[in-house]
Amino acid sequence: MKGVVIKSTGSWYDILGEDHNIYKGRLRGKFKIKNLNVTNPIAVGDYVEFEQEESADSSVIKDILPRENYIIRKSVQKSSQGHLIACNVDQTVLIVTLATPRTSLGFIDRFLVSAESFRIPAIIVFNKTDIYDETLKEQLNQVMNIYTQIGYTCLATSALENKGIEELKSLLRGKKSVLSGHSGVGKSSLINIIAPGLDLKTGEVSTFANKGVHTTTFAEMFEIEPGTFIIDTPGIKELGLYEIEEDELSHYFPEMRALIGECKFHNCRHVNEPQCAVLEKVKQGEIAESRYQSYLSMLSGEEKHR
Ligand code: GDP
Ligand code: ZN
């Protein structure tokens, strides 16, 4: 039978079968994934072919179907290897707020660069708009403008006042979405509104998968309505930059990517080179200063190792 992995606890996997039952499965023997140097062969979101074992109520995974994309980070145990976080993801949703705990634009940009590098579309949700004063409302406008112009979908929400919730639901519908955000921004509160069945504890230092009981470092996928999945990545606040080279960094800023080939030097780093198309657009205000500053700080590596 075919199914999708919804949870991984090391050697055992929860598989949502085509028949909509959940199976416990494992790999038999060694399973090598071609061209991917990872500590875990299977992750949440993987489509697998599996067979039930006759003498046990468990299954054996026979095959992993080709992946459309994956999110990977450096393995904590073996830094030469990667750790798969999730596979076959349709989009990532970053929940932020301009109120407290305020999310920095630098953090947002780093997240977007990671998502770009994994080729996964990103959505930014600005929560807690009910407590924005006039100044913050003005900032929200400006910031949403910056990201919308680049091509990112932005949404303003208030979990407290139930604003933007229908819009959020329709952005998620029919897709597999990874939800991220610093703790305190209202991730659990939003999820509780869109998926009350999960019954997450809010205001706790825990992610919505733990429900405050046990702590797992494995991602988990929840079907919140038929065909709509959200993926929680406990303990992972950012996607992390994975093997991004200096000379490809600007490719992950879509507004800079659009200028490829327009600088005088083909290997322009867009720092202080003459006739640099990126610097020109920054000067003209067509590339946001904050975006360019994020680019520079990522280029210099000061953000790379966090
Ligand atoms: P998480 O750590 O991201 O899961 O955040 P929580 O959902 O636990 O929320 C953190 C705190 O922010 C809690 O005290 C919530 O009641 C509060 N909160 C969440 N969403 C909103 C919102 O839209 N507006 C306001 N004013 N507070 C919110
Ligand atoms: Zn340049």
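With respect to the stated conditions, Leu239 fails to be more than 16 Å from ligand 1 (Cβ to nearest atom), modelled with pLDDT of 95 or more and within 21 Å of Phe111 (Cα to Cα).
For the range 15-29, a residue qualifies if it is within 11 Å of Lys2 (Cα to Cα) and hydrophobic (A, V, I, L, M, F, W, C), and the qualifying residues are Ile15, Leu16. If the condition is being within 18 Å of Arg119 (Cα to Cα) and either within 8 Å of ligand 2 (Cβ to nearest atom) or in a helix (DSSP H, G or I) (or both), then the range 245-278 contributes Glu246, Asp247, Glu248, Leu249, Ser250, His251, Tyr252, Pro254, Glu255, Met256, Arg257. Scanning the range 17-29 turns up no residue that is surrounded by fewer than 16 Cβ atoms within 10 Å (Cβ to Cβ), under 22 Å from the mean Cα position of the chain (by Cα) and not hydroxyl-bearing (Ser, Thr, Tyr).
Counting residues in the range 279-291 that are outside any helix (DSSP H, G or I) and at pLDDT below 95 gives zero.
The rows are residues; the columns are (1) closer than 28 Å to Ala122 by Cβ; (2) more than 22 Å from the chain's Cα centre (by Cα); (3) modelled with pLDDT of 90 or more.
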position	(1), (2), (3)
Asn37	yes, no, no
Gly45	yes, no, yes
Ile61	no, yes, yes
Lys74	yes, no, no
Gln81	yes, no, no
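Scanning the range 103-132 for residues that are assigned to a loop (DSSP other than H, G, I, E, B), within 16 Å of ligand 1 (Cβ to nearest atom) and either closer than 20 Å to Ile191 by Cα or in contact with a Phe, Trp or Tyr (Cβ under 8 Å, 6 or more places away or on another chain) (or both) yields a total of 3.
Restrict the check to the range 171-189 and report whether at least one residue is within 16 Å of ligand 2 (Cβ to nearest atom), touching a Leu at 6+ places or on another chain (Cβ under 9 Å) and modelled with pLDDT under 95. No, the conditions are met nowhere in the range 171-189.
Within the range 107-135, the residues that satisfy the criterion of being under 24 Å from Glu166 (Cβ atoms) and surrounded by fewer than 18 Cβ atoms within 10 Å (Cβ to Cβ) are Pro121, Asp130, Ile131. Across the range 139-161, a minimum of one residue is classified as more than 27 Å from Gln293 (Cβ to Cβ) and either part of a helix (DSSP H, G or I) or polar (S, T, N, Q) (or both).
Residues in the range 49-82 that are aromatic (Phe, Trp, Tyr) and over 19 Å from Ile231 (Cα atoms): Phe50 only. In the set (1) away from ligand 2 (no atom under 12 Å from the Cβ); (2) at pLDDT below 95; (3) surrounded by fewer than 16 Cβ atoms within 10 Å (Cβ to Cβ), the condition left unmet by Ala219 is number (3). Selection of the range 65-105 for residues being touching a residue at least 60 places away in the same chain (Cβ under 8 Å) and of a type in the set (Lys, Arg) yields Arg73, Lys74. Tell me yes or no: at least one residue of the range 133-151 is away from ligand 1 (no atom under 16 Å from the Cβ), at pLDDT 95 or above, over 23 Å from Thr228 (Cβ atoms) and of a type in the set (Phe, Trp, Tyr). Yes, the range 133-151 contains at least one residue that is away from ligand 1 (no atom under 16 Å from the Cβ), at pLDDT 95 or above, over 23 Å from Thr228 (Cβ atoms) and of a type in the set (Phe, Trp, Tyr).
The values are calculated or read from the model by the stated rules, or taken from the named source; none is laboratory data. These numbers were taken from a predicted model, which means no experiment stands behind them. Counting neighbours? That spans all protein chains shown, and the Cβs are built from the backbone with ideal geometry, glycine included.
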